[in-house]
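What follows is one structure encoded as structure tokens, with my remarks underneath.
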Amino acid sequence: MKSWSQPEVARLPGTAAIPQVFDTTSGSIIPVRPSAVAGLYVCGITPYDATHIGHAATYLAFDTLNRVWRDAGYDVRYVQNVTDVDDPLLERATATGVDWRDLAAGQIELFRNDMRALGVIPPDHFVAVTDMVGRVEQAVRRLLDAGLAYRLGNDVYFDSTAAAAHSSWQLGQVSQLDRDTMLVLAAQRGGDPAREGKRDPLDPVLWMGARPGEPSWPSELGDGRPGWHIECSVIVQEFLDIPVTVAGGGRDLIFPHHEFTAGHTAALTGRRHAQSHVHAGLVSYRGEKMSKSLGNLVFVSALVTAGVDPRAIRLAILSHHYRGDWEWTDEVLTTAVARLASWIGWAGGLDASGTGSELLAELRDALARDLATPAALAAVDARAASGASPTRVDLDAIHALLGVSLH
Ligand code: 5CA
Ligand code: ZN
């Protein structure tokens with residue numbers, strides 16, 4: 001599927017260090033050391049109620065990693081999916097009387113516009129799940145043939161116990177959660193632990209048999225559609241080398257989504273899904289997680305339509321460390337608008353003949369330490385406040401590493 005246009009990213013002088021990021025699986029900050037190519041997979045939107053500030057924050061976290069990797073000299077291959085067929089999308093389409101395909105197409109276009117406005121480097125492959133149904137179906141058949149999946153009614157489930165015995169993956173390996181917590185989260189986040197007849201209540205669905213009034217695809221498994229985790233597992237295998245360097249998304253995806261995505265990949269390939277799993281914290285609004293189900297949403301497009309400079313939205317988000325949870329408030333935005341104005345004022349005094357940049361080293365240093373964007377913004381603030389005129393290298397560094405053009 002088409003993604004969106006590439007922003008300009010300047011090449012910076014000198015060399016940058018390999019960044020360190022917090023890996024959920026090991027629970028520690030580790031260097032993300034790509035081999036020849038840095039493979040990045042980030043879980044994409046389910047296209048309704050896009051793009052809220054929570055989504056934008058997650059994609060900006062990984063955009064920062066992408067920028068830091070490129071600056072460190074790596075080729076990055078970036079893949080992002082779009083979950084364009086899923087229960088909540090279908091429910092919204094039914095509730096609003098819109099065809100689910102039209103709902104998805106409109107929201108994907110909105111998302112592209114928002115990402116472009118925010119200056120996010122597009123994925124190399126922006127993959128609709130509906131374009132991968134055949135590949136998913138083949139993968140499910142392989143799991144059934146291998147004895148790692150089982151039928152229940154018209155559906156097919158992943159046999160977690162058999163998969164753990166057969167591969168290096170163990171239930172809890174990615175999320176590091178205990179079983180009781182997993183049971184609670186599975187029930188909240190799209191799983192069905194209470195369903196009768198499952199071998200393990202946590203086993204996730206791989207293929208959902210056709211239900212009346214819902215879209216389905218013809219299959220030897222019985223007409224149906226893919227389960228959620230197998231989609232991301234298959235897309236990663238299709239477009240990236242396994243293990244992918246970083247698999248990421250918001251922290252709400254740690255369990256069950258990333259746990260079972262990794263389980264499916266291990267069961268299908270005998271290999272680890274990802275070298276590291278990186279998760280962004282959750283943005284809240286009015287006291288609760290910003291989420292489609294609660295409806296407490298602030299949309300990027302609404303802010304831009306209201307006249308907010310997208311660079312200020314970017315700065316508002318980057319003023320929080322990606323890994324912590326934080327709250328969107330009017331004050332967060334006001335502060336960012338003022339910061340942008342001060343940076344623009346400083347950039348107006350460009351020293352066109354200057355070639356040095358202490359700031360570049362400071363930005364590189366901050367971002368290599370678990371993508372510490374608040375420290376990076378503070379470094380620019382300090383530089384702007386110092387009275388020193390910016391050089392072109394300063395402005396290129398802000399543009400390439402923080403995605404904010406002041407030229
Ligand atoms: N389509 C699936 C992933 S395969 C999905 O979770 N879609 S989503 O539209 O619900 O979320 C898209 C991305 O934004 C995910 O990476 C999710 O973890 C992240 N996200 C959702 N809400 C928030 C929030 N409030 N704060 C930060 N990130 C969020
Ligand atoms: Zn996903």
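Read-outs throughout are calculated quantities, based only on the coordinates presented, and are distinct from any laboratory measurement. Only a predicted model underlies this, so the values are computations on that prediction, with no experimental measurement involved. Every residue, glycine among them, receives a Cβ derived from its backbone with ideal geometry; neighbour counts consider all protein chains shown.
Projecting the Cα atoms of 163, 276, 321 onto the charge dipole of the chain (Cβ charges, centred on the Cα centre) puts 276 farthest toward the positive pole. Maximal additional length on extending the residue 189-residue 33 stretch stands at 53.0 nm, based on 0.36 nm per residue less the C-alpha distance.
Taking only alpha carbon atoms, segment 20-289 gives an Rg to Rh ratio of 0.94, where Rh is the Kirkwood radius. Rg ratio for segment 307-402: its Cα radius of gyration over 2.2 N^0.38 Å, N being its residue count, equals 1.07.
Packing order of peptides 395-405, 215-225, 71-81, highest average first: 395-405, 71-81, 215-225 (average count of other Cβ atoms within 10 Å over each peptide's residues). Listed peptides 9-15, 126-132 appear in the order 126-132, 9-15 once ranked by packing, highest mean of other Cβ atoms within 10 Å at the front. Classify segment 141-268: rounded, prolate or oblate, from the alpha-carbon gyration tensor (a ≥ b ≥ c, eigenvalue square roots; a/c under 1.5 rounded; otherwise prolate if a/b is larger than b/c)? It comes out rounded by the Cα gyration axes. Taking the chain as a Gaussian network of alpha-carbon nodes connected by springs under 10 Å, the highest mean-square fluctuation of the residues 146, 36, 186 belongs to 36. Once the gyration tensor of the Cα atoms in segment 1-110 is diagonalised, the equivalent ellipsoid follows with semi-axes of 33, 16, 11 Å, ordered largest first. Here the calculated FRET efficiency for residue 26 and residue 135, from their Cβ-Cβ distance with R0 = 45 Å, stands at 0.90, rounded to the nearest 0.05.
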